[in-house]
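One structure is given here, and the rest of the page talks about it.
The values are calculated or read from the model by the stated rules, or taken from the named source; none is laboratory data. A quick note: this is a predicted structure, and the numbers were derived from the prediction, not measured. Every residue, glycine as well, gets a Cβ built from its backbone with ideal geometry; the counts of neighbours run over all protein chains shown. Note: areas computed on protein heavy atoms with side chains; ligands, DNA, RNA excluded. Shrake-Rupley method; radii C 1.70, N 1.55, O 1.52, S 1.80 Å.
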Amino acid sequence: MPSGKSEKLMDLAKRRGFIWPSFEIYGGVGGFYDFGPLGSLLKNKIIQKWREHYVLEEGFFEIDSPSVMPEEVLKASGHVDHFIDAMVECQKCGTALRVADVAREATGRDIEGMPKGEIEQFIERHKVRCPDCGGVLGKIFDFNAMFRTTIGPGSRKVGYLRPETAQGIFVDFNRLQRYARGRLPFGVVQIGRGYRNEISPRQGIIRLREFTMAEAEVFFDPEDPHHPKFKDAANEVLRLWLAGDQEKGKERLTEVTAEQAVKKKLVCNELMAYYLALTKRFLLDLGIPEGAIRFREQTKGQRAHYSAETWDAEVSTERFGWVEVAGLAYRTDYDLSGHAKFSGKDLTMFSADKKRKVLCHVVEPSYGIDRPLYCVLEHAYAEEKKRTYMRLKKSLAPIDVGVFPLLNRDGMPEKAREVCEKLKREGLMAVHDNSGSIGRRYARADEVGTPYCVTVDHKTLEDDTVTIRDRDTMTQIRVLVGGLHGVLRSLLRDEIKFGEAGAQVGAKRLPEEFRRDTP
RNA sequence: GCGGCCGUGGUCCAGCCUGGUCUAUGACACAGCCUUGCCAAGGCUGUAACGCGGGUUCGAAUCCCGCCGGCCGCACCA
């Protein structure tokens, strides 16, 4: 058995079908992971929560655009030119190396960001050779981290797998702004896969070559960066790690409310502050504890080519330290201007309020889905004495309820199966399990975070009641089968307290108040 | 991509140095049956592995090479 907590978590995740290495029978490929049956359910629930915040609450428009994009789009977005590393190939042994690495190893100097021509001179002047075989280095070439492909037969039409879903939104801007009917700000979201051909992926599910992202582009008038519901978020406390403090090597966090952050100009505008607050709420909603959340301002050198200010939402993990789970970037008019220039189309918008044309600016809250999923698993993982269980939020648990017979005889298995089928028909994710002992079945359910277990026992056969066991407290209540679905539903939605949802187990008769079929 | 370590059933591991009774050890997990009146109990039975490819050898889990993958450090992470 593995010893560390994170090893045991990963063991559980693999064993029980949350996360698997992809293409395993062929030895696997780095940077790719499969979600197993439980992982898929969990991932979908996380996405569902995100939709609740951004599509329902914020009223943003969700679109779904292709993963393969023609070259022009990514030229305009700057990805073809900026999403790159300068590489050099050894003329003798043929290995490709990052120029900046070779140069640093050989000369101790950092040439990051140096123009291509100068790099070649630099290599020449310092006689930098291949660190593997000592061979002469060839021409500098760019390694673009996008996966390249061709569209249609032949190789004339170049395409790329999108590195972010955002560009699919920007290129639809004209149709979207018409859909928004002149109202600003408005937001558009897209949930989908993005692709980045990492040179060397590491850290399991944290650095993937193909991953799911949920991105929101909030379009606004740069002269009016207000959020209509800002007061709802104004008092949310944000823990900020300012760029200035990072540059000075200070670990200090600044705690301010969203409102203060704007007033003190720690954050560029009200919209940014609002979405920082919303991001915090989303993470809390996933069950990440408040103390494990912070916002780190990217320093100038860390920021993407399109960004004027970026905040990373980070979650503290045992295994990987602080993990970036979302990036909130002030993209200004970079993308719309770029696409306007490259396409020749007018991408301004007529503001119904201001009665004038506006070139929108963009604040982009962009979330990974895979990383938060890992964080959720790690924070939910709990060990108590001999018990291992996932303290997942009820609304995130892949399985809602397990249904077991107490014993495998006297018609209990049949009855349990019948109850399980009924719950499934009512729309609950219910699973039946009758192998091993009752204790083992509870343990199996605990391990994957199933919040409730229903047990059919002898009393069920007499009075049609079953017990419901609570995952976290291991206590039980007894309810009528007829009202079971309603009780479970209310429990799962946190509408009633467990102890008040049914009769105490051990009571000789079900008290009157619980003798009704629908609570 | 570099340097170091590593890769045996679902999981964790023994065996490797010192090739051969290895038709591969153990534990846990899983499936079936028995048992079982509520928290991983017990009994029996069963499924199941030497990362991939090449080489050395009469013979390779074991020695050598390449590839793939993993972990740690460096770098990268728009």
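Values as computed for the structure displayed
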{"item": "Qualifying residue in the range A:353-362 (condition: within 22 Å of the chain's Cα centre (by Cα) and touching a residue at least 60 places away in the same chain (Cβ under 8 Å))", "result": "yes"}
{"item": "Any strands (runs of 3 or more DSSP E) falling wholly within the range A:3-74 and containing at least 1 residues that are of a type in the set (A, V, I, L, M)", "result": "A:19-21, A:61-63, A:68-70"}
{"item": "Test: A:Gly194 is under 27 Å from A:Tyr330 (Cβ atoms) and open to solvent by less than 10 Å² (accessible area, probe 1.4 Å)", "result": "yes"}
{"item": "The range A:2-28, subset within 9 Å of RNA strand B (Cβ to nearest atom) and in contact (Cβ under 8 Å) with a residue 40 or more places away in the chain, residue surrounded by the fewest Cβ atoms within 10 Å (Cβ to Cβ)", "result": "A:Lys8"}
{"item": "Of all residues making up the range A:235-259, the number that are within 23 Å of the chain's Cα centre (by Cα) and in a helix (DSSP H, G or I)", "result": "1"}
{"item": "Residue match in the range A:360-383 (condition: open to solvent by 10 Å² or more (accessible area, probe 1.4 Å) and over 30 Å from A:Tyr275 (Cα atoms))", "result": "yes"}
{"item": "Criterion (hydrophobic (A, V, I, L, M, F, W, C), part of a helix (DSSP H, G or I) and more than 16 Å from RNA strand B (Cβ to nearest atom)) met by exactly one of A:Ile169, A:Ile205", "result": "A:Ile169"}
{"item": "Of all residues making up the range A:409-449, the number that are of a type in the set (Gly, Ala, Ser) and more than 7 Å from RNA strand B (Cβ to nearest atom)", "result": "6"}
{"item": "Criterion: crowded, with 19+ Cβ neighbours inside 10 Å, of a type in the set (Asp, Glu) and touching a Lys or Arg at 6+ places or on another chain (Cβ under 9 Å) - qualifying residue of A:Glu314, A:Glu290", "result": "A:Glu314"}
{"item": "The range A:487-514, residues that are within 14 Å of RNA strand B (Cβ to nearest atom) and at pLDDT 90 or above", "result": "A:Phe498, A:Gly499, A:Gly502, A:Ala503"}
{"item": "Tally of residues being open to solvent by less than 10 Å² (accessible area, probe 1.4 Å) and assigned to a helix (DSSP H, G or I) across the range A:446-480", "result": "2"}
{"item": "Subset of the range A:231-251 (residues that are open to solvent by 20 Å² or more (accessible area, probe 1.4 Å) and within 24 Å of A:Lys49 (Cα to Cα))", "result": "A:Lys231, A:Asp232, A:Asn235, A:Glu236, A:Val237, A:Arg239"}
